[in-house]
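Worksheet for the structure shown next.
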């Protein structure tokens, strides 16, 4: 400021300065009077001044503060706080290259979650591990990792086993050895990862926990290891891998780890043979912890007979039964949904759904199955897919096809002819779930059926090939080998018995209805290659396909072969133990279906032969079954037409 003033006229350079006082004007009378005025004798009146408020104090403290330059860790935290993750990633790499220490901070969870949410990111696993490893330990600042867990187990349309393993190991390195988050990781790996992958994860977990324990921050008791091994063993059994569960129990014995006695009783209940039972008893004597006496709760579910109750009585029954140990069947719940929605009300349905979702995963799975059956009964296959994709991991189903179908029914992308309005209770954020559920074969069978009837004909061959690969993976317990799979095939593995005959039924029905009975028969042959026996539904569909569109003699030969098999079973049942008999698949529905096919194909002689078999085998009297009466009525009409 002074330099600026000196550079202006009339000031001159310092060497040429001449001070002159004669140019100043004379003093005025008022200024002379002020100079001679006496000082006041009374005290000052402070009321004319403002009070010292916090505003003045803050201004003084800010002006008097000393500027402190920001550290690299502080700059990194501020970049994440402003959601500039690209700059934060660049700074983090520079700090790592220059070996500058980064102070742990809970805000780095945001960066780890952003890595999971970014699409098309390369080296996602390394970036996720780098950011998550910067969070404080459980002792310094505990965290539930809610957002990251929701993105891993709920927000993604596919299950990334590699990221799940990274998440679990990093949590263990931070002191989160037991708890909900680690249990969620162990449950997922035991059910959907290959057994070698799960065993390798537990081995790595022990190494991480051992190094963390040496630091003195946490002590892992034998009871905690017993709970970890027991949890994984039980989930292996539920996935149909009893032998691998027994192998993991042997691994626990070699590592001197205990297993709860409840887990051993669970193994004994699912024992496939006597050798397995003997091995379990031997291990039970060696490593059973037996800390508590836990009663068995694994008994079969039965449904109460409430068909005669009124709608209000049904509602009262469901409020208690849906959270009980004896819940209703999904079909009963679906029928109630149909009846209740017909009244135009939704409040009770929302209350029931909330009760089920707050109770347990089993109640959630039951409710969602009922919702899928409800939309199936209304001929809404797209909504069946929406319900499944929202609540379940897309395991054992064609994920890309489901996502493509869901995009087509989106209001922003689909044309007006394909738009579908979703029910209110499906989109209510009040019932959001923290993690996706594990699908059962009942759920995935409905998904395959919905896909067959909601996708174009050109996609069916590709979908069927994928179903064969899924069935082969489930039967042989090998990873799915598919060309469009994104992750390492050695990580994701389906549970045993993940595919049953109901998965093939939509393809059988599709080929039979569209005049391709030979293709329908080839689907049955593929089923039997995987050890799946066709049931009455599949045989009925194929026989009717040949009766209506193919060779009638083949349909008759199918009926004859089934009758012979049924007769041999009856003779074996007379001479042998009835408990070992396989129930006969012949029923009147199969004959009725074939009869209708012959009538539609105008094969009068074959239709009359099927009628004689129905009356002789089942001693049928008109008026007993509506479907059979309708088929016989069509036969009488055909006889009159042929006679005229």
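I'd like the full set of residues that are assigned to a loop (DSSP other than H, G, I, E, B), within 15 Å of residue 165 (Cβ to Cβ) and at pLDDT 55 or above, limited to segment 480-492.
491
I'm trying to understand the selection: among the residues of segment 240-285, which are in a loop (DSSP other than H, G, I, E, B) and within 19 Å of residue 195 (Cα to Cα)?
240, 241, 255, 257, 270, 271, 272
Among (1) in a loop (DSSP other than H, G, I, E, B); (2) over 16 Å from residue 85 (Cα atoms), where does residue 134 come up short?
Of everything listed in (1) in a loop (DSSP other than H, G, I, E, B); (2) over 16 Å from residue 85 (Cα atoms), residue 134 misses just condition (2).
For (1) without any contact (Cβ under 8 Å) to a residue 12 or more places away in the chain; (2) outside any helix (DSSP H, G or I); (3) crowded, with 19+ Cβ neighbours inside 10 Å, each residue gets a yes or a no:
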site	(1), (2), (3)
140	no, yes, no
143	no, yes, no
148	no, no, yes
154	no, no, no
164	no, no, yes
168	no, no, yes
177	no, yes, yes
185	no, no, yes
200	yes, no, no
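Exactly one of these conditions fails for residue 595: (1) in contact with a helix residue (DSSP H, G or I) (Cβ under 7 Å, 6 or more places away or on another chain); (2) modelled with pLDDT under 90; (3) farther than 24 Å from residue 503 by Cα. Give me its number.
Of (1) in contact with a helix residue (DSSP H, G or I) (Cβ under 7 Å, 6 or more places away or on another chain); (2) modelled with pLDDT under 90; (3) farther than 24 Å from residue 503 by Cα, only one is false for residue 595: (2).
For the structure I just gave you, tell me whether residue 215 is closer than 20 Å to residue 495 by Cα and surrounded by fewer than 20 Cβ atoms within 10 Å (Cβ to Cβ).
Considered against the rule, which asks whether it is closer than 20 Å to residue 495 by Cα and surrounded by fewer than 20 Cβ atoms within 10 Å (Cβ to Cβ), residue 215 comes out as no.
One line per residue, one yes/no per condition, for (1) in a loop (DSSP other than H, G, I, E, B); (2) touching a residue at least 60 places away in the same chain (Cβ under 8 Å); (3) surrounded by 14 or more Cβ atoms within 10 Å (Cβ to Cβ):
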{"position": "83", "(1), (2), (3)": "yes, no, no"}
{"position": "86", "(1), (2), (3)": "no, no, no"}
{"position": "92", "(1), (2), (3)": "no, no, yes"}
{"position": "95", "(1), (2), (3)": "no, no, yes"}
{"position": "110", "(1), (2), (3)": "no, no, yes"}
{"position": "115", "(1), (2), (3)": "no, no, yes"}
{"position": "120", "(1), (2), (3)": "yes, no, no"}
{"position": "125", "(1), (2), (3)": "no, no, yes"}
{"position": "128", "(1), (2), (3)": "no, no, yes"}
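Could you please find all residues in segment 324-348 being in a helix (DSSP H, G or I) and either within 19 Å of residue 440 (Cα to Cα) or in contact with a strand residue (DSSP E or B) (Cβ under 7 Å, 6 or more places away or on another chain) (or both)?
The answer is 330, 331, 332, 333, 334.
Between 524, 586, which is at pLDDT below 90 and buried (at least 18 other Cβ atoms within 10 Å of the Cβ)?
586
Can you confirm whether segment 530-547 contains a residue that is surrounded by fewer than 17 Cβ atoms within 10 Å (Cβ to Cβ), farther than 24 Å from residue 395 by Cα, modelled with pLDDT of 90 or more and over 23 Å from the mean Cα position of the chain (by Cα)?
Among the residues of segment 530-547, not one is surrounded by fewer than 17 Cβ atoms within 10 Å (Cβ to Cβ), farther than 24 Å from residue 395 by Cα, modelled with pLDDT of 90 or more and over 23 Å from the mean Cα position of the chain (by Cα), which makes the answer no.
What is the number of the single condition among (1) within 29 Å of the chain's Cα centre (by Cα); (2) crowded, with 18+ Cβ neighbours inside 10 Å that residue 265 does not meet?
So residue 265 meets the others, but not (2).
Are any residues in segment 423-468 at pLDDT below 85, buried (at least 16 other Cβ atoms within 10 Å of the Cβ) and farther than 27 Å from residue 341 by Cβ, and if so, which ones?
Across segment 423-468, the qualifying residue is only 435.
Which residue, of 363, 351, is modelled with pLDDT of 85 or more, over 22 Å from the mean Cα position of the chain (by Cα), surrounded by fewer than 21 Cβ atoms within 10 Å (Cβ to Cβ) and part of a helix (DSSP H, G or I)?
Just one listed residue meets the conditions, 351.
The values are calculated or read from the model by the stated rules, or taken from the named source; none is laboratory data. If you're wondering where the values come from, they're calculated on a predicted model, not measured in any experiment. With ideal geometry, Cβ positions are generated from the backbone for all residues, glycine too; neighbour counts draw on all protein chains shown.
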